[in-house]
Structures are given as C-alpha cells and as structure tokens.
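A.B. asks: Before anything else, here's the structure in question.
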Amino acid sequence: MTVEESNGKLVIQAVKNAVDRFGASKDELIPILNDVNREIGYLPSEALDEISKLLRVPKSQLFSVASFYRMLSTKRRGKHTIQFCESAPCHVAGGQAVWLAVKEHLHLNEGETTPDGKWTLLTTSCLGICAVGPVMMVDDDVYGNVDASLVPSILDKYQ
C-alpha cells in the first residue's frame, strides 16, 4: 500500500467516524467538518468529496463553509496554530510590537506554516477578551497582556 492510499483510507475513515458520530444530516455539517478538521489537521479535497457524497451537499457549498470559519482549513496547518488578535483594542495596547515579535521568532508571515510543519500563524479580528490585550492563542490556550518580550517564553512551552 502506498502512502497516498494509506492517507486516503485515513481520510475516508475520519469522515465516516464523524458522520457516524453526528449523523448524515446537513444540519450537522459544521460539527462534521470540525471533527474531520481536528482529526486530520485540515480538510483535504478527498474529505470534502466524501462528505459531499454522504450528506448529498455540493462540494462547492462545503468549500464555502470550510473557508468561512477560521477554525476550519482546506490547507494543511502546523501542529500548533497561533491566532493573533489584530483588533483595534489589541493594537492600541501594543499589539503591533507583539505581532512583529511573533513573526520574527517564527520567521513566518500571516497564513504561513513553518517548513517543519510545527507552526501556522493566523490573524483574527477578535478573540473576545479585549480587556487583556494584546491577546494571542496558541492552539486552545489564550494569552493576554502579552508584550513582545514574552513571545519566546510562550512559544517555548510548545517545544
């Protein structure tokens, strides 16, 4: 069995598991997409094909949903995803310096993944905790009152 065949079987199994868990209903589209995204790390074309077939939803509609929600991705992401808040309150509180420190530390620009597949860097319009800005998330961990000097120690926690 080739690597591609093995990966294809893993994708199909992840989709079937999600559909079994939530049911083959259009009403469960977002939970299914989210479940597959978490299992595989993103939503490859093969997953969207299989979900389209099982839910009888056009692939174009699946792609629209997958590209709308920041929690979903049709591109492979790194093992760890950093979401950086670029809203006005975070910017005013010093977000620009933190953003530059993150980019410099990882040698990444927004939307990029490191060559080793460890990090993906994303911006978001708001994480909903403006009172403790600047704010960033690493995976599901939220960091508030971040300043540029804290960036290396925060990211080192994920080594």
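The values are calculated or read from the model by the stated rules, or taken from the named source; none is laboratory data. Quantities reported herein were computed from a predicted structural model and do not represent experimental measurements. Methodologically, a virtual Cβ is constructed for each residue, glycine included, from the backbone with ideal geometry; neighbour enumeration extends over all protein chains shown. Side chains included, ligands, DNA and RNA excluded: accessible areas come from the protein's heavy atoms. Shrake-Rupley method; radii C 1.70, N 1.55, O 1.52, S 1.80 Å.
A.B. asks: Looking at the P(r) of the chain, how many percent of alpha-carbon pairs lie beyond 29 Å?
C.D. replies: Within the chain, distances greater than 29 Å cover 30 percent of Cα pairs.
A.B. asks: Taking R0 as 30 Å, what's the FRET efficiency between SER125 and LYS9 from their Cβ-Cβ distance, rounded to 0.05?
C.D. replies: 0.20
A.B. asks: May I pose another question? With everything on Cα atoms, drop me the angle between helix 45-55 and the longest principal axis of the chain, reported from 0 to 90° to the nearest 10.
C.D. replies: Taking the Cα atoms of the chain, the angle to 45-55 is about 60 degrees.
A.B. asks: Whole percent per 10 Å bin, from 0 to the bin with the longest distance: what is P(r) over all C-alpha pairs of the stretch 80-156?
C.D. replies: 21, 59, 18, 1
A.B. asks: Nearest 5 is fine: what % of DSSP beta bridges in the stretch 80-156 come out antiparallel, could you say?
C.D. replies: Taking every DSSP beta bridge with both residues in the stretch 80-156, the antiparallel ones total about 55 percent.
A.B. asks: With Cβ to Cβ distances under 10 Å as the rule, what net charge do the other residues near PHE22 carry (K, R +1; D, E -1)?
C.D. replies: -3
A.B. asks: Want the number for ASP156 to TYR42: 0.36 nm per residue separation, take away the alpha-carbon distance, what's left?
C.D. replies: So the chain would gain 38.6 nm between ASP156 and TYR42.
A.B. asks: Ignoring ligands, DNA and RNA, how do ARG77, ARG38, ARG56 rank by accessible area with a 1.4 Å probe, largest first?
C.D. replies: Per-residue accessible area, sorted high to low, gives ARG56, ARG38, ARG77.
A.B. asks: With everything on Cα atoms, drop me the angle between helix 3-22 and the longest principal axis of the chain, reported from 0 to 90° to the nearest 10.
C.D. replies: It works out to around 90 degrees.
A.B. asks: Amide H of THR124: which non-local residues (sequence gap of 5 or more, or other chain) have their own amide H closer than 5 Å, using H built in the peptide plane?
C.D. replies: Close amide H contacts, sequence-distant or interchain: PHE84, CYS85, GLU86.
A.B. asks: Sticking with this structure for a sec: To the nearest 0.05, what FRET efficiency results for VAL57 and VAL132 with a Förster distance of 35 Å applied to their C-beta separation?
C.D. replies: For VAL57 and VAL132, the calculated efficiency is 0.35.
A.B. asks: Further question on the same structure: Which residues' amide hydrogens lie under 5 Å from the amide hydrogen of SER73, considering only partners 5 or more residues apart or on another chain, with H built in the peptide plane?
C.D. replies: Result for SER73 returns LEU43.
A.B. asks: What distance in nm lies between label points placed 7 Å from Cα along the C-beta direction at ASP49 and HIS105?
C.D. replies: Taking the simple label geometry, ASP49 and HIS105 are separated by 4.0 nm.
A.B. asks: Counting only protein heavy atoms and a 1.4 Å probe, tell me what percentage of the stretch 8-66's accessible area is made up of carbon and sulfur.
C.D. replies: Looking at the stretch 8-66 in its full context, I get 48 percent from C and S.
A.B. asks: When ligands, DNA and RNA are left out and all protein chains stay put, how many square angstrom of accessible area per residue does the stretch 8-66 have with a 1.4 Å probe?
C.D. replies: Solvent-accessible surface per residue comes out at 54 Å².
A.B. asks: Moving on. Relative to the compact-globule scaling 2.2 N^0.38 Å, provide the ratio for the alpha-carbon radius of gyration of the stretch 8-66.
C.D. replies: 0.93
A.B. asks: Mind scanning LYS26/LYS75; LYS75/LYS103; LYS9/LYS118; LYS59/LYS103 and naming the pairs with a C-alpha gap bigger than 31 Å?
C.D. replies: LYS59/LYS103
A.B. asks: Right, here's the next one. Stretch LYS118-ASN145 to full length: gain in nm at 0.36 nm per residue minus the Cα-Cα span?
C.D. replies: 7.3 nm
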